[in-house]
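The values are calculated or read from the model by the stated rules, or taken from the named source; none is laboratory data. Model, not experiment: these values are computed from the prediction. Don't worry about glycine lacking a Cβ; one is built from the backbone with ideal geometry, like all the others, and counts go over all protein chains shown.
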Amino acid sequence: MNYIILDLEWNQSPTGKINENKDIPFEIIEIGAVKLNKDKEILGEFHQYIRPQVYLEMDVNVHAVTHINMEDLQCGKTFPEAFKDFQAWLGDEEMIFCTWGSMDLVEFQRNMRFYNFPPFENKPFFFYDVQKLFAIFFEENQNPRTLCFAADFFHITKQGEFHSAISDARYTAKIFQKFDLKKTKKFMELNYFSPPKCLEDEMYVSFKTYAKYISMEFKSKEQLLHAKHVKATNCCICQEAATKKIDWFPNSTKTNYYGVFYCKEHGYLKGKLRVKKTDDQKFFAVKTIKIISKEAAEKLQNKKNLLKTKKNDSNN
């Protein structure tokens, strides 16, 4: 088992969304990666600048952060060339990606698809969000910290500018080496760039105090919300069917839905159902179920009542 510590830098349309390519809103301009073995020992590095093909001018904000100029990228390889090199560097060993935040794997696969490469998996797969792990183990779930903050926290010697893909990959690798992997396994994240395509491929993963479910794709949001198996809820601990206490209700934007359920053995459960839209205009659900207190259940009832009151007031 290898751990691939991945970091990317990307450019975007310098003139805003009006000239943005919807298939590739962020074009990767630099790939940095560090490979660790199962004992978190460094096996090697990968670094490559990417010669842009979509956005041929550097966005002023991207330049301000990365200090990369278009001239710096002309000696780089095209994305297809660089990605083939990256694939060869990865090798055939089983691996888990580790990133600072969750966006790198999404944008990497979006760039891959733009150039007709298949995604890393044709279904959701596990990875480590090192930023989130740092918050859980060293910040008591405070707001996400920057990579620079975490490097200072561990007194890591600065040997490279931040917002350089290879430097950030090195810093992230050093931070990842600080974690006890026996404790981190239950905090693995799911990348669902490629949602399940059919019922048989849907994913349900149970952790110690919560469970996560990824539904298949549906043609419409309405079809998804009417699917009984999507809204059905089991206890995240014992997997027994839970009794509905508060039916699913939407937040004000109708992108997240909440519900409260009850397990005779383990008590109240909070359900959060996020409706996601794919790039090809289909819909799938990411549902999280976790144990909550009776007081937290009552707060959700109050939230539902308040939203209902606001809706009635706006209709009058």
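For the reader, a short list of remarks on this structure follows.
- Flag if PHE149 is in the same structural domain as VAL54 (by TED's automatic domain parsing), closer than 30 Å to CYS238 by Cα and either part of a helix (DSSP H, G or I) or in contact (Cβ under 8 Å) with a residue 24 or more places away in the chain (or both): no
- Residue under evaluation HIS155, criteria (1) in contact with a helix residue (DSSP H, G or I) (Cβ under 6 Å, 6 or more places away or on another chain); (2) assigned to a loop (DSSP other than H, G, I, E, B), criterion not met: (1)
- Among the candidates THR209, THR243, residue that is hydroxyl-bearing (Ser, Thr, Tyr) and under 28 Å from LYS310 (Cα atoms): THR243
- Residues that are crowded, with 18+ Cβ neighbours inside 10 Å and either not assigned by TED's automatic domain parsing to the domain that holds GLU161 or not in a helix (DSSP H, G or I) (or both), drawn from the stretch 60-75: ILE68
- Contact map, the stretch 198-213: first residue among the acidic types (Asp, Glu), second residue surrounded by 15 or more Cβ atoms within 10 Å (Cβ to Cβ), Cβ cut-off under 8 Å, separation 6 or more or different chains; pairs are ASP201/LYS123; ASP201/MET216; GLU202/PRO196; GLU202/TYR213; GLU202/ILE214; GLU202/SER215; GLU202/MET216.
- LEU43 exposed (fewer than 14 other Cβ atoms within 10 Å of the Cβ) and either touching a Gly at 6+ places or on another chain (Cβ under 8 Å) or in a strand (DSSP E or B) (or both): yes
- Qualifying position, being touching a Ser or Thr at 6+ places or on another chain (Cβ under 6 Å), of a type in the set (Ser, Thr, Tyr) and not in a loop (DSSP other than H, G, I, E, B), among TYR213, TYR257, TYR268, TYR262: TYR262
- If the condition is being of a type in the set (Phe, Trp, Tyr) and assigned to a loop (DSSP other than H, G, I, E, B), then the stretch 162-208 contributes PHE162, PHE179, TYR192, PHE193, PHE207.
- Checked against the criterion of being in contact (Cβ under 8 Å) with a residue 60 or more places away in the chain and within 27 Å of LYS182 (Cα to Cα), the stretch 7-30 has at least one qualifying residue.
- Candidate set: the stretch 15-38, residues that are acidic (Asp, Glu) and modelled with pLDDT of 95 or more; chosen: the one farthest from ASP85 (Cα to Cα): GLU27
- Filtered residues of the stretch 84-96 (kept if in a helix (DSSP H, G or I) and touching a residue at least 40 places away in the same chain (Cβ under 8 Å)): PHE86, TRP89, LEU90
- Counted residues, the stretch 117-153 - those being out of contact with any strand residue (DSSP E or B) (no Cβ under 6 Å at 6 or more places or on another chain), hydrophobic (A, V, I, L, M, F, W, C) and surrounded by 15 or more Cβ atoms within 10 Å (Cβ to Cβ): 11
- In the stretch 191-205, the residue that is nearest to the chain's Cα centre (by Cα) out of those that are surrounded by fewer than 17 Cβ atoms within 10 Å (Cβ to Cβ) and not hydroxyl-bearing (Ser, Thr, Tyr) is VAL205.
- Only residues that are surrounded by fewer than 16 Cβ atoms within 10 Å (Cβ to Cβ) and within 24 Å of GLY160 (Cα to Cα) were counted in the stretch 78-88, giving 1.
- Candidate set: the stretch 206-236, residues that are crowded, with 19+ Cβ neighbours inside 10 Å and of a type in the set (S, T, N, Q); chosen: the one farthest from the chain's Cα centre (by Cα): THR233
- Test for PHE283: is it crowded, with 17+ Cβ neighbours inside 10 Å and either at pLDDT 95 or above or under 24 Å from LEU190 (Cβ atoms) (or both): yes
- Checking each residue of the stretch 123-142 against the condition of being closer than 30 Å to LEU199 by Cα and in a loop (DSSP other than H, G, I, E, B) gives at least one match.
- Test result for LYS303, out of contact with any strand residue (DSSP E or B) (no Cβ under 9 Å at 6 or more places or on another chain), of a type in the set (Lys, Arg) and at pLDDT 90 or above: no
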